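*Asks:* Dumping the structure here so I can ask a few things about it.
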Amino acid sequence: MVEKSDVRVVRCGGSKINLRPPIISTDSRFVLCASGDSVKVYSTRTEEWLHSLQGHTNQVTGIALNPANHLQVYSCSADGTVKLWDFIDGILIKVQLVLFFLHAVDKSKICFQLVAVHLPKSAEQEVEAKELSAVSSRISPNPSCTAFGREGQYIAFARHLQLNVYFFRKQKTYSFSLKATDKKGAKNAFTCIACHPADDCIATGHEDGKIRLWRNFIHTKEYTYSTQHWHHNAVNTLCFTPEGTNLLSGGIESVLVQWQYGAGNRKEFLPRLGGSILHVSTSSDGQLFCTSHSDNKITVIESSFKVCGVIQGLVKDAVFTDLMIDPRSKALVLNGKPGHLQFYSLLRDKHLYNLDIVQQEYIYEAGLDQFEVVKAAFDIKGYWLATVEERGQKSSDLEFVLKLWAYDERTQSFVLNTTITAAHTDRIISMCFSSSEETTMLVTTAEDGQFKAWCQGADADTQQDQSFWSCDFVGSYHNLTPTNCSFSADSSLLAVSFQEVITIWSPDTWELLTTLCQPPGVVRDLCFGQLSCSKYLIATTTRNLLCCWNLLTCALEWSTSVEVSKLQPDPLSENVAAFSYQSKHTDLFVFKPNEPRPLFTHKNVCSEKIHRAVFVPREELLNNCDESSQWLNRSQLYFLTQNMVFHNFTCVSLVQLVIDDSIAVTPFYLLLGKHRQQQQKLNTPSHPAADKPQQPQGSVTITELLHTPAHVLPAASVLCSMFVSSLLISNTGVREMESSEQEMNSEKEEEHSEEEMEACDSQQELRAQGSVDEVTPKLSKAQERELKRVRKTDFSWMAGLIDSKP
Amino acid sequence: MASFKPTKVQFLPKLGEKVTEETLYWKNYKSPVQIKEFGAITKIDFSPLPPHNYAVTASTRIHIYGPHSQEPIRSFTRFRDTAYGGRFRGDGKLLVAGSEEGLIRLFDISGRVALRQFKGHSKAVHMTSFLSDGFRVVSGSDDLSCRVWDVPSAVELSSLTEHTDYIRALAPSKLNPDLFVTGSYDHTVKVFDMRSGSSVMTMQHGHPVECVLLYPSEALLVSTGGRYVKVWDLLKGGQELVSLKNHHKTVTCACLSSVGNKLLTGSLDRHVKVYNSSYKVVHNFDCDASILSMAIAPDDEALAVGMTNGVLSVRHRRHQKDKEMLTSRRRRGPSYQVFVKGKNFVPRQDDFLVSKPVKQYLRKYDKQLKSFEVSKALDTALQTWTRTSKPDVTVVVIIELNRRGTLKNALAGRNEESLTKILNFLLKHIFDPRFSRPLLMVGDIVLDLYQQVFHQSPVVERLLQRLMEVLGREAELQQELLQVLGILDTLFTSLTPRKEALAAPPVAQESQLQAA
């Protein structure tokens, strides 16, 4: 193996899945949604992420099912292409280069143009669409303000107070406009549009929550509309069911409303879906609805108004807390849904669960000041979690609650232990747990000029098992406002910074040991060195100074002038990462506190200021010898940019993999071994067939089979017969011959079908496979099974074959 | 779809009293049974044998009650004058009692007539007791003497006249038949040894001693007198261990619980106090009249208290069984006949169980909050029962309304009656530190909303006047408290010695770090 290391920034995880309305496939088995520069395919039943269609080089701005083939989907992207995909297997079928985009947004121009793109029919892979006809040059940037009418006869689009209907046949635009406001203070601006699939009716949503149903718009003068009003705020989305019997609407209230079409005010509600509704879509048979929410979530709803699936991405509303790592699950913890903390697995890029901190009903109302988790901290073992929730911007009506959560082994989650309503008289600025193993202690600093130490109360009178937290010590220093607090690695020292002064306290006796000061500039960040560098204290100030004190001598060891926006120590090594923001780009320095020389520098990490970063311990240690990447051996550095995308420093290794043919004989391999051989033959016909694997003892196979996790095993129906036959006493001879003959037969069939498939268009794959069955009706059951299995396999290699053809 | 989260009523701890295991233990007594006697009850004594009958000495009689009877099962009435200090022997078969005329009588429990009469005291005998061998009786009298009598022959064995005032307290040792402790109005407690025939230890209580008590180990001695309860360590030669001053009138009686030897004291101030092993008061029983005597049954099954007005109040222990019976009766669901369908259905192994969806039960105000009926929710929270017995619920609803930004809407448009309700609630609770913040906000909003129309209703106007007065007073009080706090702070800072913070620490710190 040849290895070459290189450290670079990788964008990882937490992509947005609620940008555009999700699509449900015709058979209701899949949900597709645009996510970053790829299209993600989820299963509606299991809510699992199946695969993603990757190939676009920029943000995917729209997806639509191919009306001609329900297994294909069009996607358009800001890179100027429309692509056609087979979403079940994830194969790219066609690429069309388009200069402008249908339903897409051209950001280079100030005004948004709506253009019709005629997609030329051709069998070629890459097609350049040249026939463009501008429909309108002024449309709203919001794609939900555009909708196709009945059977594609017209297209309706709205902008501000004007509704336009363009008839393709007549090539004419009718426009209708509303007044901006009327006497009752209504806000009439359009927010979304939906067209009835069978009737000449356009439904429009407005900023004040009204829904208008427009009829008779073929004539400019004699149009009519009716108004319905339930939403108290802007209607975000409207959608007719495929038969047109119902109209679905959603807004900030997070209530999905189903209006009966033509039945006046009769409606049904599905409240508390979580996050305001951004898009609603329905499956083509009308059995499933799909809503996407502002908290990066897709909800799958049955037509009986029952939620049957939730696909949750990383919630990316405002993040107030620091990025933290749950010491138990190694999951990333940050603000989730309003009033929740979310646990997110960075390894699998999967949302694990939400922990309800505030435990209050969330009111979906714009401009309402609600409790939000602003601070959180874990202790070193992950047994305690401290959270601060806050409400009220002004200090006069500030309300905040400090809560302490204990980990419950039985339920495997955090349980509320203590609620402290008036922990301080003013806002809590920072808090940290002591890092010692024996006694846990929490220190909070607040704007009221005090820092408080909280301990688990050992109340002699209450001889109960439960222990609650109570205040142990209140400290202050010259009435200055404390900003940061930090415990040393062994918890024998507590450092609290009071503006320009850093005070060092002994948590055992609460004695002020010493003060350190390096004016000018207020201390912004503070941390102790870890492991062998535990005698150092590092601080950054607002006046672009990074200082390191030696606590043994109480003297400044070194200091350098650098503007540091975030200082993050690695708990598993001596390294400290500093993000510095200078002249509009961020640089990263990694250094050890004992020497003022950086270990690693990475210029121009990104263009935004970075305030949140975290070291995530690795599952398994790397052993890179390269000096520049050694600091990533024990843990990885993740950071969050201001537009809420996770980035990761990874050590990219260019590894030339020597593909090894001698794969270990597992039961799985035994069972599917035959099929593998076939595939190999198909791929490389010249390659000599590998030897048949040795049949091991039945009992070993069984035990291995039983020890293999269920989810990697093939379906039980596939396994069963083979499993049973493996238990039988093998009768070699004639039967072996027979089976080999059968194999030969099936191979022939395979080759035959392959030729067929190459001949026909890839769209007709399925039919081609169907024809195989028709051609060979005499196949035995075993052969049929083989065939089925072949059919289920990935045909991505076909794409390769097609590509290679001139 | 997440379900509605009901508003959470926060448990806010009250300052002061703490709920501990011990308070729970002592709270677990039923309400007292009152039995009227003929005069002040001077002595109660439980029989050491089960079923633990108890002898009550009051006026000229001694009644013996069974553990649960309200009528005496036996009474000794052959006293010519007031009887004193009826006590059982260790086997519960004999009873000895003194009397006003100086005569000591010995009764058989099953008989009526006195078996023996000990004559010799010239004044009233307030205390009598058997020594632990059971063959001798010791008595303390107002004639300043303490005499020991032989039961079989009814003769006086010895007479001790060391006290200089009435002897009103007596406690024989259970471990040594020759030892007993006496307490007298001459402020002393003396330990007598019959073998030497004189006192071996004298302790100064400082007040007339009303009662003495020996711990089962007999290393500790309790004496009560005046407002003080004192505990003496006999093994250290009678050193005072602790002096308790929790009553504000004379402490007349004391006894020890059999579970954990907790000390109970009764006093003329009508309280029985229970101390824990570190002599802190953990519980308090209130009585109607001054307490003269008190006794607790073995296993703490019953606490009998005798009072000056002749009322005997007996508290029985509540058992877990009784509680369960009560709750099980209450929790019985619909009748069996109606809901018998499917009760005895046992699912088979491969049946797929579909559980019934659990219905979420919400309180009335939660239901109204769920449907955004804010005024109605506030009305519900302000109902008389909730308002008076659970003010925290009312306040929680107010806080919730404020969080939703609809408190003003909920308070608006009210008539005189409901406004009076709100103002009364404010008057009662605005100074409760748990509630004052949200209630002040309510007051502000009410003033804003109804400024124009206050003068139309004299009732509301009067309430507002009162609110203003009360608030003014409170503000003054707070200011004074702050001043006092300031004074105290300066005192404390001047008291604490100044430390040179910077001189010594680095060295200590070094060693710490090196250790790490």
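*Asks:* Where residues in segment B:221-237 are crowded, with 18+ Cβ neighbours inside 10 Å and assigned to a loop (DSSP other than H, G, I, E, B), which of them is nearest to the chain's Cα centre (by Cα)?
*Replies:* B:GLY226
*Asks:* Return the residues of segment A:331-352 that are under 17 Å from A:ALA406 (Cα atoms) and in contact (Cβ under 8 Å) with a residue 24 or more places away in the chain; say none if nothing qualifies.
*Replies:* Answer for segment A:331-352, where residues must be under 17 Å from A:ALA406 (Cα atoms) and in contact (Cβ under 8 Å) with a residue 24 or more places away in the chain: A:VAL333, A:HIS340, A:LEU341, A:GLN342.
*Asks:* Kindly establish whether A:PRO569 is within 14 Å of another protein chain (Cβ to nearest Cβ), crowded, with 21+ Cβ neighbours inside 10 Å, in contact with a strand residue (DSSP E or B) (Cβ under 8 Å, 6 or more places away or on another chain) and not hydroxyl-bearing (Ser, Thr, Tyr).
*Replies:* Details: within 14 Å of another protein chain (Cβ to nearest Cβ): no; crowded, with 21+ Cβ neighbours inside 10 Å: yes; in contact with a strand residue (DSSP E or B) (Cβ under 8 Å, 6 or more places away or on another chain): yes; not hydroxyl-bearing (Ser, Thr, Tyr): yes.
Answer is no for this residue.
*Asks:* Please determine, by comparing only the residues of segment A:284-310 that are charged (D, E, K, R) and over 26 Å from A:GLY339 (Cβ atoms), which one is farthest from the other protein chains (Cβ to nearest Cβ). Before the answer, list the steps.
*Replies:* Step one: filter segment A:284-310 for residues charged (D, E, K, R), giving A:285, A:295, A:297, A:302, A:306.
Checking which are over 26 Å from A:GLY339 (Cβ atoms) leaves us with A:285, A:302.
Numbers: A:ASP285: 23, A:GLU302: 12 Å.
So the residue we want is A:ASP285.
*Asks:* Of everything in segment A:462-514, what is of a type in the set (D, E, K, R) and either part of a strand (DSSP E or B) or more than 8 Å from chain B (Cβ to nearest Cβ) (or both)? Give them in sequence order. Steps first, please.
*Replies:* Looking only at segment A:462-514, we keep the residues that are of a type in the set (D, E, K, R), and these are A:465, A:472, A:490, A:500, A:508, A:511.
Those that are of a type in the set (D, E, K, R) and either part of a strand (DSSP E or B) or more than 8 Å from chain B (Cβ to nearest Cβ) (or both): A:ASP465, A:ASP472, A:GLU500, A:ASP508, A:GLU511.
Each row is one residue, and each column tells you yes or no for (1) more than 16 Å from A:ALA453 (Cα to Cα); (2) surrounded by 22 or more Cβ atoms within 10 Å (Cβ to Cβ); (3) not aromatic (Phe, Trp, Tyr).
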{"site": "A:SER486", "(1), (2), (3)": "no, yes, yes"}
{"site": "A:THR503", "(1), (2), (3)": "no, yes, yes"}
{"site": "A:ASP508", "(1), (2), (3)": "no, no, yes"}
{"site": "A:PRO520", "(1), (2), (3)": "yes, no, yes"}
{"site": "A:ALA577", "(1), (2), (3)": "yes, yes, yes"}
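*Asks:* Just for segment A:355-374: of the residues that are more than 10 Å from chain B (Cβ to nearest Cβ) and under 18 Å from A:SER254 (Cβ atoms), which one is nearest to the chain's Cα centre (by Cα)?
*Replies:* Step one: list which residues in segment A:355-374 are more than 10 Å from chain B (Cβ to nearest Cβ), which gives A:355, A:357, A:364, A:366, A:372-374.
So of that shortlist, the ones also under 18 Å from A:SER254 (Cβ atoms) come out as A:364, A:366, A:372.
Details: A:TYR364: 23, A:ALA366: 25, A:GLU372: 21 Å.
The extreme case among them is A:GLU372.
*Asks:* With segment A:188-284 as the region, which strands (runs of 3 or more DSSP E) entirely inside it contain at least 1 residues that are of a type in the set (Phe, Trp, Tyr)?
*Replies:* Numbers: elements: A:190-195, A:201-206, A:210-215, A:224-229, A:235-240, A:246-251, A:256-260, A:267-270, A:277-282.
Fully inside segment A:188-284 and qualifying: A:190-195, A:210-215, A:224-229, A:235-240, A:256-260, A:267-270.
*Asks:* When the residues of segment A:381-405 are filtered to those that are aliphatic (A, V, I, L, M) and buried (at least 17 other Cβ atoms within 10 Å of the Cβ), which remaining residue is nearest to the other protein chains (Cβ to nearest Cβ)?
*Replies:* A:VAL401
*Asks:* Does segment A:72-83 contain at least one residue that is modelled with pLDDT of 80 or more and closer than 16 Å to A:CYS290 by Cβ?
*Replies:* There is at least one residue in segment A:72-83 that is modelled with pLDDT of 80 or more and closer than 16 Å to A:CYS290 by Cβ.
*Asks:* Cβ-Cβ distance below 7 Å, separation of 6 or more or different chains: which pairs start in segment A:296-319 with a residue that is more than 23 Å from A:ARG348 (Cβ to Cβ) and end on one that is assigned to a loop (DSSP other than H, G, I, E, B) and modelled with pLDDT under 85?
*Replies:* Going by the 7 Å Cβ cut-off, the qualifying pairs are A:SER303/A:GLY286; A:VAL307/B:MET1.
*Asks:* Would you point out the residue of segment B:98-129, among those that are small (Gly, Ala, Ser) and under 19 Å from B:LEU160 (Cβ atoms), that is nearest to the chain's Cα centre (by Cα)? I'd like the intermediate steps shown before the answer.
*Replies:* At the first step, the residues of segment B:98-129 found to be small (Gly, Ala, Ser) are B:98-99, B:102, B:110-111, B:114, B:120, B:122, B:124, B:129.
Adding the requirement that they be under 19 Å from B:LEU160 (Cβ atoms) leaves B:98, B:102, B:120, B:122, B:124, B:129.
Working: B:GLY98: 32, B:GLY102: 37, B:GLY120: 42, B:SER122: 40, B:ALA124: 34, B:SER129: 29 Å.
That would be B:SER129.
*Asks:* Still on this structure, please answer the following. Within segment A:432-458, track down each residue that is over 21 Å from A:SER534 (Cβ atoms) and out of contact with any Phe, Trp or Tyr (no Cβ under 8 Å at 6 or more places or on another chain).
*Replies:* Correct list: A:ALA446, A:GLU447, A:ASP448, A:GLY449, A:GLN450, A:PHE451, A:ALA458.
*Asks:* Could you tell me whether B:LYS123 is assigned by the TED database to the domain that holds B:ASP142 and either under 23 Å from B:ALA297 (Cα atoms) or in contact (Cβ under 8 Å) with a residue 60 or more places away in the chain (or both)? Steps first, answer last, please.
*Replies:* Working: assigned by the TED database to the domain that holds B:ASP142: yes; either under 23 Å from B:ALA297 (Cα atoms) or in contact (Cβ under 8 Å) with a residue 60 or more places away in the chain (or both): no.
No; evaluated as a whole, the condition is false for this residue.
*Asks:* Go through segment A:258-283 and report how many residues are more than 14 Å from chain B (Cβ to nearest Cβ) and not polar (S, T, N, Q).
*Replies:* So the count comes out to 10.
*Asks:* Same structure again: Against the conditions (1) in contact with a helix residue (DSSP H, G or I) (Cβ under 9 Å, 6 or more places away or on another chain); (2) modelled with pLDDT of 90 or more, where does A:ALA453 fall short? Just the number, please.
*Replies:* (1)
*Asks:* Looking for whichever is surrounded by 20 or more Cβ atoms within 10 Å (Cβ to Cβ) and under 28 Å from B:SER132 (Cβ atoms) here; the options are B:ILE35, B:ILE73, B:ILE104. Which one fits?
*Replies:* On the way: B:ILE35 fails: under 28 Å from B:SER132 (Cβ atoms); B:ILE73 fails: surrounded by 20 or more Cβ atoms within 10 Å (Cβ to Cβ).
It is B:ILE104.
Residue-wise test of (1) out of contact with any strand residue (DSSP E or B) (no Cβ under 7 Å at 6 or more places or on another chain); (2) touching a residue at least 40 places away in the same chain (Cβ under 8 Å); (3) in a loop (DSSP other than H, G, I, E, B).
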position: A:GLY382; (1), (2), (3): no, yes, yes
position: A:ALA386; (1), (2), (3): no, yes, no
position: A:GLN393; (1), (2), (3): yes, no, yes
position: A:ARG410; (1), (2), (3): yes, no, yes
position: A:THR419; (1), (2), (3): no, no, no
position: A:ALA422; (1), (2), (3): yes, no, yes
position: A:ASP426; (1), (2), (3): no, no, yes
position: A:LYS452; (1), (2), (3): no, no, no
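*Asks:* Which of the residues belonging to segment B:160-179 are surrounded by 15 or more Cβ atoms within 10 Å (Cβ to Cβ) and either of a type in the set (D, E, K, R) or in contact with a Ser or Thr (Cβ under 6 Å, 6 or more places away or on another chain) (or both)? Lay out the reasoning, then the answer.
*Replies:* From segment B:160-179, those surrounded by 15 or more Cβ atoms within 10 Å (Cβ to Cβ) are B:160, B:162-163, B:166-173, B:176-179; that's our starting set.
Selection gives B:GLU162, B:HIS163, B:ILE167, B:ARG168, B:LEU170, B:PRO172, B:PRO177, B:ASP178, B:LEU179.
*Asks:* May I ask you to list pairs of residues, at least six apart or on different chains, whose Cβ atoms are under 7 Å apart, with the first in segment B:342-363 being within 30 Å of B:LYS8 (Cα to Cα) and the second being not in a loop (DSSP other than H, G, I, E, B)?
*Replies:* B:LEU362/B:LYS370
*Asks:* When you go through B:LYS367, B:LYS359 one by one, which is the residue that is charged (D, E, K, R) and in a loop (DSSP other than H, G, I, E, B)? Please lay out each step first, then the result.
*Replies:* Working: B:LYS367 fails: in a loop (DSSP other than H, G, I, E, B).
The match here is B:LYS359.
*Asks:* Taking the criterion of being in a loop (DSSP other than H, G, I, E, B), more than 14 Å from every other protein chain (Cβ to nearest Cβ), modelled with pLDDT under 80 and surrounded by 16 or more Cβ atoms within 10 Å (Cβ to Cβ), would at least one residue in segment A:634-642 satisfy it?
*Replies:* As a first pass, look at segment A:634-642 and keep what is in a loop (DSSP other than H, G, I, E, B): A:634, A:641-642.
Now drop any that are not more than 14 Å from every other protein chain (Cβ to nearest Cβ), which leaves A:634, A:641-642.
This time we only want the ones that are modelled with pLDDT under 80, so: A:634, A:641-642.
Of the ones still in play, those that are also surrounded by 16 or more Cβ atoms within 10 Å (Cβ to Cβ) are A:634, A:641.
Within segment A:634-642 (the criterion being in a loop (DSSP other than H, G, I, E, B), more than 14 Å from every other protein chain (Cβ to nearest Cβ), modelled with pLDDT under 80 and surrounded by 16 or more Cβ atoms within 10 Å (Cβ to Cβ)), the answer is yes, since at least one residue qualifies.
*Asks:* Hey, can you tell me all the residues within segment B:424-440 that are over 15 Å from B:ALA381 (Cβ atoms), aliphatic (A, V, I, L, M) and in contact (Cβ under 8 Å) with a residue 12 or more places away in the chain?
*Replies:* So the first thing to find is which residues in segment B:424-440 are over 15 Å from B:ALA381 (Cβ atoms), and the list is B:427, B:430-434, B:436-437, B:440.
Pick out the ones that are also aliphatic (A, V, I, L, M) and you get B:427, B:430, B:440.
Correct list: B:LEU427, B:ILE430.
*Asks:* Any residue at all in segment A:554-566 that is of a type in the set (A, V, I, L, M, F, W, C), touching a Leu at 6+ places or on another chain (Cβ under 6 Å) and not in a strand (DSSP E or B)?
*Replies:* Kept after step one, since they are of a type in the set (A, V, I, L, M, F, W, C), are these residues of segment A:554-566: A:554-556, A:558, A:562, A:564.
Next, only the ones that are touching a Leu at 6+ places or on another chain (Cβ under 6 Å) stay: A:562, A:564.
Filter once more, so that each one left must be not in a strand (DSSP E or B): A:562.
Yes, there is a match, as at least one residue in segment A:554-566 is of a type in the set (A, V, I, L, M, F, W, C), touching a Leu at 6+ places or on another chain (Cβ under 6 Å) and not in a strand (DSSP E or B).
*Asks:* When you scan segment B:1-95 for strands (runs of 3 or more DSSP E) that lie fully inside it, which ones turn up with 2 or more residues that are without any contact (Cβ under 8 Å) to a residue 24 or more places away in the chain and in the same structural domain as B:HIS283 (by the TED database)?
*Replies:* Values: elements: B:33-36, B:41-46, B:54-58, B:61-65, B:72-76, B:83-88.
Per the criteria, B:72-76.
The values are calculated or read from the model by the stated rules, or taken from the named source; none is laboratory data. Every value quoted in this text rests on a predicted model; they were computed, and no experiment measured them. Virtual Cβ from ideal backbone geometry, glycine too; neighbours counted across all protein chains shown.
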